[in-house]
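J.: My questions all concern the structure below.
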Amino acid sequence: MLNWQRRIAANSLKACVPFQAELRKLKHSIKPPVPGRHHELVLDGIFEQVAMIRQAGGQIEGVRVLEIGSGWIPVAPLIYRIAGAREVVLSDQHRLLHPRSVQAAAAFLLERSDRIASGLGVAEARVAEVLNVPLSDGLDAMLGALGLTYVVPLNGDTLMGEIDLAYSHTVLEHIPPAALAEIFALVRARLRKGGVFCNGIDNSDHRRSYDERLPIVDFLRYSDLAWGMQCINPQDYTNRLRHSDYVDLLTQAGFSLLDTQVHVAQDALARIDPQELPERFRNKSAEDLCTTWSLMLARA
């Protein structure tokens, strides 16, 4: 059995254990997640988002920002705060943040003040201004001191008021298409005139994090049924949407694209034949199928 097969099998068994959400919450209360090597890449990803927004004439300084899918460690929203955002609204479908993870995120960024200042084009004093604040044990008070608020779950009843900018980073690929359509409609409804929506999307086969021997878009060869069997554990779910699918969803929600950056995996491009894939992928171009990273900026 290959590495990825063992990992998927183990995760599927875990998903069958009762009270998984409660067990995970207990685990994280004892040992909260902390930033790791992945978050070094998050820094670069958010720097790219900020640069794209500014180049398109979008404003970050003094605005209210919505993050879709904040997860456990709020590194990305704190970078937006350092870039000048007045407030960042964090959102999840389930409550994930823990006070010690928030403290760890702030410490992680303070240790990289020079890199962050350079990447954002701000003074190092701005990094300290945002992060060197008293962080009490209470989560809400801690978030308030950092200029953050937390909305769970994200919907029209919990997200109050207008937003000036919305973004996500390596999140949309984990959301079912129907739910994506609802989120895009909500962002469109709450976004003020002239506001922008920026998304970094990892379109690659995430099983490669378990086994780098896998081809980068290997998951496209499975039928929906066969792929669903590999996503019994929700943490393994990716929707397999391609770049063009996200463009269509944004357009249907009333957005127009301002800028797009994509990465096409050339090794995969040389080997793929759309006609050998399941029907849902046969009308896609080879370049679309092999686009493994999308950075998209849209305006309502």
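The values are calculated or read from the model by the stated rules, or taken from the named source; none is laboratory data. What you see is a predicted model; the values in this text were computed from it and never measured. Virtual Cβ from ideal backbone geometry, glycine too; neighbours counted across all protein chains shown.
J.: Across region 243-272, which residue is nearest to residue 48 (Cα to Cα) among those that are of a type in the set (D, E, K, R) and touching a helix residue (DSSP H, G or I) at 6+ places or on another chain (Cβ under 8 Å)?
T.: The qualifying residue nearest to residue 48 (Cα to Cα) is 259.
J.: What are the pairs with Cβ atoms under 7 angstrom where one residue, in region 261-279, is surrounded by 12 or more Cβ atoms within 10 Å (Cβ to Cβ) and the other, located anywhere, is aromatic (Phe, Trp, Tyr) and not in a loop (DSSP other than H, G, I, E, B)? Sequence gap at least six, or different chains.
T.: 262/293; 263/293; 274/281
J.: Let me ask another. Please determine, by comparing only the residues of region 139-181 that are part of a loop (DSSP other than H, G, I, E, B) and charged (D, E, K, R), which one is surrounded by the most Cβ atoms within 10 Å (Cβ to Cβ).
T.: Looking at the filtered set, the residue picked out is 162.
J.: Pick out, from region 70-124, the helices (runs of 4 or more DSSP H) lying fully within it that include 1 or more residues that are at pLDDT 95 or above and touching a strand residue (DSSP E or B) at 6+ places or on another chain (Cβ under 6 Å).
T.: Per the criteria, 75-82.
J.: Sticking with this structure for a sec: Out of 184, 197, which single residue is modelled with pLDDT of 95 or more, crowded, with 17+ Cβ neighbours inside 10 Å and either assigned to a helix (DSSP H, G or I) or touching a Cys at 6+ places or on another chain (Cβ under 7 Å) (or both)?
T.: Answer to the check: 184.
J.: Continuing with this model, one more query. On the given criteria, is residue 120 buried (at least 22 other Cβ atoms within 10 Å of the Cβ), of a type in the set (A, V, I, L, M) and within 17 Å of the chain's Cα centre (by Cα)?
T.: When the stated conditions are applied, residue 120 does not pass them.
J.: What's the number of the condition residue 212 fails, among (1) touching a strand residue (DSSP E or B) at 6+ places or on another chain (Cβ under 6 Å); (2) more than 17 Å from residue 288 (Cα to Cα)?
T.: Evaluating residue 212 over (1) touching a strand residue (DSSP E or B) at 6+ places or on another chain (Cβ under 6 Å); (2) more than 17 Å from residue 288 (Cα to Cα) leaves (1) as the failure.
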